[in-house]
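Here is the structure we will look at, set down as structure tokens.
The values are calculated or read from the model by the stated rules, or taken from the named source; none is laboratory data. Just so it is clear, the model here is predicted, and its values are computed rather than measured. Cβ sites come from the backbone with ideal geometry, for glycine too, and all protein chains shown count toward neighbours. Each accessible area value is taken on the protein alone, full model and side chains, heavy atoms only, with ligands, DNA and RNA left out. Shrake-Rupley method; radii C 1.70, N 1.55, O 1.52, S 1.80 Å.
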Amino acid sequence: MAIDVREIRVLFFDVLGTVGDEAGSAADEFEQAIHDANGQSGHGKPLAATWLDESTRRLNSILAGESWALNPAR
């Protein structure tokens, strides 16, 4: 079956982790924000790791069919 390229409207590329360094970029931004806020250093990487773990957990729960909405009673 041939594809008529004139009918293609969207090309989608998942570049996170391949082209973009999501975890490293987040760590750098968190580090800078924390330093700007209170002069402390060394918290960017742990905070980024926690953020990435939580966002991955939430994404996986959504993919498993759970609600995406936060549950205040949780």
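Taking square-rooted eigenvalues a ≥ b ≥ c of the alpha carbon gyration tensor, is the chain rounded, prolate or oblate, where a/c under 1.5 means rounded and, failing that, a/b exceeding b/c means prolate? In terms of gyration-tensor shape, oblate. Counting only protein heavy atoms and a 1.4 Å probe, the chain has 90 square angstrom of accessible area per residue.
How far is helix 44-63 tilted, in degrees, relative to the longest principal axis of the Cα atoms in the chain, given as a value from 0 to 90 rounded to the nearest 10? Around 40 degrees separate the two axes.
Normalising the average separation of contacting C-alpha pairs (under 8 angstrom, six or more residues apart) by the number of residues puts the relative contact order of region 6-48 at 35 percent. Please identify the chymotrypsin sites (Phe, Trp or Tyr not before Pro) of the chain that satisfy two criteria: DSSP loop assignment and at most 10 other Cβ atoms within 10 Å. Which are they? Here the chymotrypsin sites (Phe, Trp or Tyr not before Pro) that fit, given the DSSP loop and packing criteria, are Phe12, Phe13, Trp68. Among the protein heavy atoms of the chain, carbon and sulfur supply 59% of the accessible surface, probe 1.4 Å, non-protein parts ignored. Taking Cα atoms, how many degrees apart are the long axis of helix 22-38 and the longest axis of the chain, rounded to 10 and kept between 0 and 90? Orientation of helix 22-38: about 30 degrees from the principal axis. Helical runs assigned H by DSSP (4 residues or longer) give the chain a calculated mean residue ellipticity at 222 nm of -17000 deg cm²/dmol, each run adding -39500 (n - 2.57) before division by the residue total.
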